[in-house]
């Protein structure tokens, strides 16, 4: 059976840009190339029935947040179209117009992001969920392997991280997001919370 979504030249162009922009980046506290995360997010988007534009946004969802000096929303719109640009902007937790340098405090950025999710487009919520599911899976795998020291890589501790992800979960529910990815996200969060509670008791 032929695939319902065919990835063409525009997807190849987006992958090329992702490699160009994030090629020297690694996952926080790890040696893993950052592009692995972007490919994983795009894969989850497609598994959830996403379009080519949504998969492209999955590849590029961190460009404005992590490399605003190299990529702008206007450039994304011109190169990949308004849908891709809108989704990437929706998945960016830095303040509008951010062009590099110090970011707003972690909690402020996350609260703004969660509030926005409930009103974001269907495509933006799909990409955001794929992003958060990938990160939660990766974090759970590291916690299982390395234990509580894993949390030291992050600005916020386990309680704040779990609380934030729970708020993302609630916002998705408010927006009516359901499906396999949502169910897995909830299971992974439950496991993460259990590990965090066990670590707090020790």
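The values are calculated or read from the model by the stated rules, or taken from the named source; none is laboratory data. All of these numbers come straight from a predicted model, not from anything done at the bench. When we count neighbours, we look across all protein chains shown, and the Cβ atoms used for this are built from the backbone with ideal geometry, even at glycine.
Things worth noting here:
- Verdict on residue 145 being loosely packed, with under 12 Cβ neighbours inside 10 Å, over 24 Å from residue 57 (Cα atoms) and without any contact (Cβ under 8 Å) to a residue 40 or more places away in the chain: yes
- Residue count, region 21-70 (criterion: touching a strand residue (DSSP E or B) at 6+ places or on another chain (Cβ under 7 Å) and under 23 Å from residue 109 (Cα atoms)): 2
- The test for being over 25 Å from residue 77 (Cα atoms) and in contact (Cβ under 8 Å) with a residue 12 or more places away in the chain does not hold for residue 112.
Results for (1) closer than 22 Å to residue 45 by Cβ; (2) modelled with pLDDT of 90 or more; (3) touching a helix residue (DSSP H, G or I) at 6+ places or on another chain (Cβ under 9 Å), shown as yes or no for each residue.
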| site | (1), (2), (3) |
| --- | --- |
| 152 | no, no, no |
| 155 | no, no, yes |
| 169 | yes, yes, yes |
| 174 | yes, no, yes |
| 177 | yes, no, yes |
| 182 | yes, yes, yes |
| 185 | yes, yes, yes |
| 193 | no, yes, yes |
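- Listing of helices (runs of 4 or more DSSP H) fully contained in region 75-188 that carry 2 or more residues being farther than 21 Å from residue 26 by Cβ and more than 16 Å from the chain's Cα centre (by Cα): 82-90, 106-117, 158-174
Conditions (1) more than 26 Å from residue 108 (Cβ to Cβ); (2) crowded, with 18+ Cβ neighbours inside 10 Å, marked per residue:
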position	(1), (2)
131	no, yes
135	no, yes
154	no, no
157	no, no
163	no, no
166	no, no
180	yes, no
185	no, yes
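- Whichever residue in region 87-101 is under 12 Å from residue 63 (Cα atoms) and at pLDDT below 85 and, among such residues, is surrounded by the most Cβ atoms within 10 Å (Cβ to Cβ): 98
- Looking only at region 26-74, residues that are surrounded by fewer than 18 Cβ atoms within 10 Å (Cβ to Cβ) and not in a helix (DSSP H, G or I) come to 15 in all.
- Which numbered condition residue 197 fails, given (1) farther than 26 Å from residue 31 by Cβ; (2) modelled with pLDDT under 90; (3) touching a helix residue (DSSP H, G or I) at 6+ places or on another chain (Cβ under 7 Å); (4) assigned to a helix (DSSP H, G or I): (3)
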